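Written out below as structure tokens is the structure these notes cover.
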Amino acid sequence: MKAMILAAGRGERMRPLTDTCPKPLLEVGGTPLIVWHLRRLAEAGISEVVINHAWLGDMIEERLGDGSAYGVRIQYSAEDVALETAGGIAKALPLLGDEPFLLISADIFTEFDLHRLLVHAKTMDKNCLAHLVMVPNPEYHPSGDFALENGLIVPSGAEKYCYGNLAICRPALLAGVAVGEKAKLGPLLAQYAAEGKVSGEYFDGAWVNVGTPADLQQANAVG
């Protein structure tokens, strides 16, 4: 299985730190956020990684190189203008192939065991287009994203959780997104969840969406 790390965001809320450093290279415990992912992917048995980038992308490539230092092989999907989450994945599909792939955002810090997703992918229903890791709602997003009922993601329900920016996806999830088109992943997930084609699981362990300097401090407290 291959993995894709989403690393094209500008990181506006993290400025001025991200004026001169791409957010994926901000450090937690003395290690760049994205390097934590690379190491954990390698530990889980994933060696092929695709990384998209836009803002200060050359710095990401210079820092990570071909990935051999972290036990993986990296291919880069450069975007002249950030294409949002779904648009970035759609552009990178030729590098990802036809099989399900692990998707993770570069700007989260988590201790989730990635090997669990590899195990799930082996038994994933062929009609299921994505499997999401859901987490408790953070303070900045108290209403959550989706509900989780009997292992399926549903757009509404008694209790909603936050999508943890960590998933297994089939390429068919992006079938309606044209290469070079700006598109967000959230609406696609909601659309297919309403059709019963998105599964999920709940994780209440260490997880931080590193969007602000305060979040970075929280991640450092965890890491």
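The values are calculated or read from the model by the stated rules, or taken from the named source; none is laboratory data. Just so we're clear, the structure is a prediction, and the values are computed from it rather than from any experiment. Cβ sites come from the backbone with ideal geometry, for glycine too, and all protein chains shown count toward neighbours.
Within region 82-90, not a single residue is surrounded by fewer than 24 Cβ atoms within 10 Å (Cβ to Cβ) and out of contact with any helix residue (DSSP H, G or I) (no Cβ under 9 Å at 6 or more places or on another chain).
Name every residue in region 142-188 that is among the hydroxyl-bearing types (Ser, Thr, Tyr) and more than 15 Å from residue 201 (Cα to Cα), in order of residue number.
Initial filter on region 142-188 (among the hydroxyl-bearing types (Ser, Thr, Tyr)): 143, 156, 161, 163.
Selection gives 143, 156.
Scanning region 49-68 for residues that are within 23 Å of residue 20 (Cβ to Cβ) and either crowded, with 24+ Cβ neighbours inside 10 Å or among the hydrophobic types (A, V, I, L, M, F, W, C) (or both) gives 51, 52, 53, 54, 55, 56, 59, 60, 64. Every test in (1) β-branched (Val, Ile, Thr); (2) closer than 20 Å to residue 34 by Cα; (3) out of contact with any strand residue (DSSP E or B) (no Cβ under 7 Å at 6 or more places or on another chain) is passed by residue 177 save one, and that test is (2).
The residues listed here are 8, 3, 86; of these, the one that is under 11 Å from residue 106 (Cβ atoms) and under 15 Å from the mean Cα position of the chain (by Cα) is 8. Set side by side, the residues 5, 46, 34 differ, and just one is touching a His at 6+ places or on another chain (Cβ under 6 Å), buried (at least 18 other Cβ atoms within 10 Å of the Cβ) and either part of a loop (DSSP other than H, G, I, E, B) or at pLDDT 95 or above (or both), which is 5. Pairing each residue of region 41-52 that is more than 23 Å from residue 79 (Cβ to Cβ) with any residue that is at pLDDT 95 or above and of a type in the set (Phe, Trp, Tyr), provided the two are 6+ apart or on different chains, yields C-beta distances under 8 Å for 42/70.
Quick one: would you say residue 97 is out of contact with any His (no Cβ under 9 Å at 6 or more places or on another chain), more than 27 Å from residue 47 (Cα to Cα) and surrounded by fewer than 17 Cβ atoms within 10 Å (Cβ to Cβ)? No, not satisfied.
Let me confirm something: among 123, 85, which residue is closer than 30 Å to residue 58 by Cβ and of a type in the set (Ser, Thr, Tyr)? I'd like the intermediate steps shown before the answer.
Working: 123 fails: closer than 30 Å to residue 58 by Cβ.
Among 123, 85, only 85 is closer than 30 Å to residue 58 by Cβ and of a type in the set (Ser, Thr, Tyr).
Can you pull out the residues in region 49-59 that are in contact with a Leu (Cβ under 8 Å, 6 or more places away or on another chain) and part of a helix (DSSP H, G or I)? Matches in region 49-59: 59 only. Any residue at all in region 13-29 that's under 22 Å from residue 180 (Cβ atoms), of a type in the set (Asp, Glu) and in a helix (DSSP H, G or I)? No; the residues of region 13-29 include none that is under 22 Å from residue 180 (Cβ atoms), of a type in the set (Asp, Glu) and in a helix (DSSP H, G or I). Just to be sure before I move on: is residue 67 touching a strand residue (DSSP E or B) at 6+ places or on another chain (Cβ under 7 Å), small (Gly, Ala, Ser) and modelled with pLDDT under 95 in the structure I sent? No: the conditions fail for residue 67.
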